[in-house]
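The values are calculated or read from the model by the stated rules, or taken from the named source; none is laboratory data. Remember, predicted model here, so these are calculated numbers, not experimental data. Glycine gets a Cβ as well: all are built from the backbone with ideal geometry, and neighbour counts include every protein chain shown.
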Amino acid sequence: MNRHIAPSILAADFTRLGEAVATINNSKASWLHCDIMDGVFVPNVSFGMPVLEAVHNISTKPLDVHLMIVEPERYIDRFCALGADVLTLHQEASRHLHRAVHQIKENGVKAGISLNPATPVSTLADIVQDLDLVLIMSVNPGFGGQKFIERSYQRIAELKELIEKTHSKALIEVDGGVNLENAASLFAAGADVLVAGTSVFHTSDPAYTIEQLLKA
């Protein structure tokens, strides 16, 4: 199993955003995770298209864009055009999931679906074969630095079983409360990609922390 770390730029110092992206460029991270929040679907506002475009212009890592917004279908084409390599929507926010997933793929971008902690994994049974990635939220989305929800391990195992049963090629990504204490257990449970924000950017040496997460 390949292991991947996708540092979340939301946890970086935005007064030194260029330096933060350069740090990730020179690290062993696989992707750069970008959280787009609208203050409606989640109780927080992050950043939007101009910042994402600027990050894309200086990032050498694929952009893993996570839309935590209402009516994400309205913006799929735009976010794809801005440089998303993976675009993830929330199952809870999309009224027509199948159509949205294929709209992403028609743009030549990998399609992901995210599940909030209270959303059953089984709700993806009819779409998982079409996905490139499933993102399990291990905190309630909206804010960084939250405590990891322990039941997430069981949800990862359930998702792994569903992926294998349906012969899906989807990667399993986990976002929320990921750190050096639980990274090994998350990989062991079946995660392929770990999103790490606070635990990477709030350290003295983010690149070293990424290496340690990969070795966990």
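Put simply, of Ala157, Ala216, Ala170 the only residue that is over 23 Å from Thr23 (Cα atoms) and either free of Cβ contacts under 8 Å to residues at least 40 places away in the same chain or acidic (Asp, Glu) (or both) is Ala157.
Looking only at residues in segment 100-147 that are over 16 Å from His33 (Cβ atoms) and among the charged types (D, E, K, R), the one that is surrounded by the most Cβ atoms within 10 Å (Cβ to Cβ) is Asp130. Screening Val42 against (1) modelled with pLDDT of 95 or more; (2) outside any helix (DSSP H, G or I); (3) closer than 24 Å to His98 by Cα leaves a single unmet condition, (1).
Table: residues versus (1) closer than 26 Å to Val121 by Cα; (2) out of contact with any Gly (no Cβ under 7 Å at 6 or more places or on another chain).
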residue: Gly39; (1), (2): yes, yes
residue: Ile58; (1), (2): no, no
residue: Lys61; (1), (2): no, yes
residue: Ile69; (1), (2): yes, yes
residue: Leu82; (1), (2): no, yes
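Total residues in segment 1-37 satisfying the condition of being more than 16 Å from the chain's Cα centre (by Cα), surrounded by 15 or more Cβ atoms within 10 Å (Cβ to Cβ) and either β-branched (Val, Ile, Thr) or assigned to a strand (DSSP E or B) (or both): the figure is 2.
Yes or no, residue by residue, for (1) at pLDDT 95 or above; (2) in a helix (DSSP H, G or I); (3) in contact with a Leu (Cβ under 7 Å, 6 or more places away or on another chain):
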{"site": "Ser114", "(1), (2), (3)": "yes, no, yes"}
{"site": "Val134", "(1), (2), (3)": "yes, no, yes"}
{"site": "Gly144", "(1), (2), (3)": "no, no, yes"}
{"site": "Gln154", "(1), (2), (3)": "yes, yes, no"}
